[in-house]
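Just so it is clear, none of the values below were taken in a lab; they were calculated from the coordinates. It should be emphasised that the depicted structure is a prediction, and the values quoted were computed from it without experimental measurement. Heads up, the Cβs are rebuilt from the backbone with ideal geometry, glycines too, and the neighbour counts pull from every protein chain shown.
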Amino acid sequence: MAYITAEQVDSLLGSDWADASAKPLAVQQANDWLTAKGIPADVDDDRITRAGAYLAKMAAIGTLYADTRGDVKRKRVKADSVESETEYADGARAVLGDMAYVTDLLKPWLNPFGSRVRMLSRL
C-alpha cells in the first residue's frame with residue numbers, strides 16, 4: 001500500500017529533502033507509519049499526500065522513528081553548583097526508534113491488550 005512515492009515527495013518538497021540513497025527507506029517508513037495509524041489507502045486526498053511527504057522527510061533525518069527516553073514527569077536544573085535532575089513518569093520506559101517502527105509494521109497482528117488477555121466469544 002503506497003500513500004506517497006519519492007517522486008511525489010520531490011515535487012512537494014523539492015529534490016533536496018534527502019539524499020537519493022535515503023529516499024526509498026524514508027518513503028517506505030512514511031507509508032508504513034500511515035498504514036499503522038489506520039489511514040485509509042483508497043482515499044484520494046491531498047492532505048494525506050502532503051502528510052506522507054513530511055513523514056518521509058522526518059524519516060530521512062531520523063525523527064519519525066526516533067529513540068525516546070520515556071515521558072518526563074519533572075525536570076530540575078540548578079545553575080551554581082551545576083545540578084540536574086530528571087524524574088520520569090510512572091511506568092515510563094525508553095523506546096528505541098527501530099522498535100517503534102517494528103511495532104507499527106506488526107500492528108495488525110499485535111494484541112492491544114498484551115499477550116495474556118484473549119478475546120472470548122459466546123458460541
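Site pair A36 and K78 shows an inter-label distance of 4.0 nm when each label is modelled 7 Å from Cα along Cα→Cβ. Please identify which residues in the range 53-67 have an amide N closer than 19 Å to a label point set 7 Å out from the Cα of D10, following the Cα→Cβ vector. Only 53-61 fall inside the zone, counting backbone N under 19 Å.
Close amide H contacts of Y65 (hydrogens built in the peptide plane, cut-off under 5 Å, sequence separation of 5 or more or a different chain): none are found. In order along the range 3-15, the Karplus-derived 3J(HN,Hα) couplings, from 6.51 cos²θ - 1.76 cosθ + 1.60 at θ = phi - 60°, round to 8, 9, 10, 4, 5, 5, 5, 4, 6, 7, 10, x, 6 Hz, and Gly and Pro are given as x. Quick one: grab the alpha carbon gyration tensor of the range 1-40, order the square roots of its eigenvalues as a ≥ b ≥ c, and give me rounded if a/c is under 1.5, else prolate or oblate depending on whether a/b is larger than b/c. Taking the square roots of the gyration eigenvalues as a ≥ b ≥ c, the range 1-40 is prolate.
The 3J(HN,Hα) values that the Karplus relation (6.51, -1.76, 1.60; θ = phi - 60°) gives for the range 33-38 are, in residue order, 4, 4, 4, 5, 7, x Hz. Gly and Pro appear as x.
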